[in-house]
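Below: the structure, in structure tokens.
Where a number appears in this text, it was derived from the coordinates with a stated rule and is not lab data. Note that the structure is a prediction, hence the values are computed from the model and not measured. A quick note on method: Cβ atoms are made from the backbone with ideal geometry, for glycine too, and the neighbour counts reach across all protein chains shown.
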Amino acid sequence: MRLTVEQAIDRLKRGEVISLPTETVYGLAASIEFPQAIEKIFELKNRPQDNPLIIHLSHINQLNAFEPELPAGFEILAPAFWPGPLTFVLPINPKTIPEKVRAGLTTAAFRIPNNSTTREVIEKVGPIVMPSANISGRPSSTKPEHVETDFGMDFPVLDGGFCEKGLESTIVMYTDGAWKIIREGAIPKEHLEPFMDVSIYSKPSSKPICPGQKYRHYAPKTHLIETTYFEPDFDGIIVGYTDRNYPHEAKIYSLGLSTAPDEIAQNLYATFRQLDADGIHEALIDIDLPRHDVFKTILERIKKAAKS
Ligand code: TXA
Ligand code: MG
């Protein structure tokens, strides 16, 4: 069910869960004021209780209510990337945030999305918690139809069209005296570097600093096999690029031009979901791509999707 902006605001103010668009992916939204709505988000997604939610703001001033400790460099990074797909994990006063939202941690994640309609909604409702609008483990939703596939045709969605970025936000955290990327995302490391020294956090995957990283993610039901070589007589399914030649008998699901990372990123989850909709059991996916910038996030998401 598609909502008007007024209906979206009204439902959130009444403590309901709806889906809102962002520039990255669609979110499942609830006002931070309604514990039952927050509970319902976990139920709807089948989300593990130890996986905290991102708090979405419409203005940086709304941060003050959570009494955050702002690390050196935040004052440079936040204005440079907000509104936008950069999420900060900050130490906060735990009393100001329901335990469920932060999964019992003394930090919380924040971002200001770069979607003016959704910011208008947040401006009227106040801070909103919003995980990606997909059943846990499935690819995120980048179109309203994807949200309806996962949660049913009656589920209320504010239609914002096809999400521009198509990949979740990059999450950063200041720890051990430096900025670390704890989830790669729509903003690659190379775009942060002119502003800040930043590295990709690495620790044994058994104990990730970002709780969500330990779960299987972004995966279609289709068994994906990463490859850079295709037998000339291969006649199965290939997820590839419009500017490449593949075996004549193969059926191609195209992610766009191999030289256009933004296009590939936007199409990635929609293509995964199309494979499922078409009932494809197995597909080869062409991972012959550069390993920098947004390509790096794309390859990370493909790797996670192919791991089963
Ligand atoms: O682009 C996005 O970030 C989308 C849109 C809707 O804004 N949201 C999103 O939310 O991807 P979700 O819930 O799918 O992923 C949030 C990630 C999880 O991996 C979670 O573990 C991590 O953020 N996270 C949240 N709070 C955290 C905290 N205090 N410390 C470490 N990681 C945290
Ligand atoms: Mg998610």
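Mind pulling the per residue volume of the convex hull built on the Cα atoms of region 193-308? Å³ is fine. Before the final figure, lay out each step's value.
On the way: hull volume 14.1 nm³, N = 116.
Normalising the Cα hull of region 193-308 by residue number yields 121 Å³.
Mind telling me which of LYS95, LYS221, LYS165 comes out most flexible in a GNM of the chain, alpha-carbon contacts under 10 Å?
Residue with maximal mean-square fluctuation among LYS95, LYS221, LYS165: LYS95.
Semi-axes of the equivalent ellipsoid for region 22-113, please: Cα gyration tensor eigenvalues, times 5, square-rooted, ordered largest first, whole Å.
Working: eigenvalues 98, 51, 24 Å².
After diagonalising the Cα gyration tensor, the semi-axes are 22, 16, 11 Å.
Region 1-41 to region 112-136: how many Å between their Cα centroids?
Each part's Cα centre sits 8 Å from the other's.
Taking Cα centroids, how far is region 171-242 from region 47-71 in Å?
23
Convex hull volume of the Cα atoms in region 89-205, per residue, in Å³? Walk me through the intermediate numbers first.
Details: hull volume 17.7 nm³, N = 117.
Residue-normalised Cα hull volume stands at 151 Å³.
Net charge near HIS146, counting Lys/Arg +1 and Asp/Glu -1 over other residues with Cβ under 13 Å of its Cβ? Numbers along the way, then the final one.
Working: positive: ARG138, LYS143, ARG273; negative: GLU145, GLU148, ASP150, ASP159, ASP276.
In short, -2.
To the nearest 0.05, what FRET efficiency results for ASP176 and HIS223 with a Förster distance of 45 Å applied to their C-beta separation? Could you put the intermediate results ahead of the total?
Details: r = 39 Å, r/R0 = 0.86.
Working from the Cβ atoms, E equals 0.70.
Of all alpha-carbon pairs in the chain, indicate the percentage at a distance above 36 angstrom. Intermediate results must be reported in sequence, preceding the final value.
Working: 7551 of 47278 pairs.
Taking all Cα-Cα pairs of the chain, the fraction more than 36 Å apart is 16 percent.
From zero up to wherever the largest Cα-Cα distance of region 160-215 sits, split into 10 Å bins and tell me the percent of pairs in each.
Each 10 Å bin holds this share of Cα pairs: 21, 48, 25, 6, 0.
From the cross-link list LYS203/LYS304; LYS189/LYS221; LYS100/LYS203; LYS203/LYS303; LYS45/LYS307; LYS221/LYS304, which pairs have alpha carbons spaced over 23 Å apart?
LYS189/LYS221; LYS100/LYS203
Could you give me the ³J(HN,Hα) list for region 79-91, computed from phi with Karplus coefficients 6.51, -1.76, 1.60 and θ = phi - 60°, whole Hz, x at Gly and Pro?
With the stated coefficients, region 79-91 comes to x, 6, 10, 9, x, x, x, 10, 10, 9, 9, 10, x Hz.
Around GLU67, with a cut-off of 15 angstrom between Cβ atoms, what is the net charge of the other residues, counting Lys and Arg +1 and Asp and Glu -1?
On the way: positive: LYS95, ARG102; negative: GLU69.
With Lys, Arg at +1 and Asp, Glu at -1, the net is +1.
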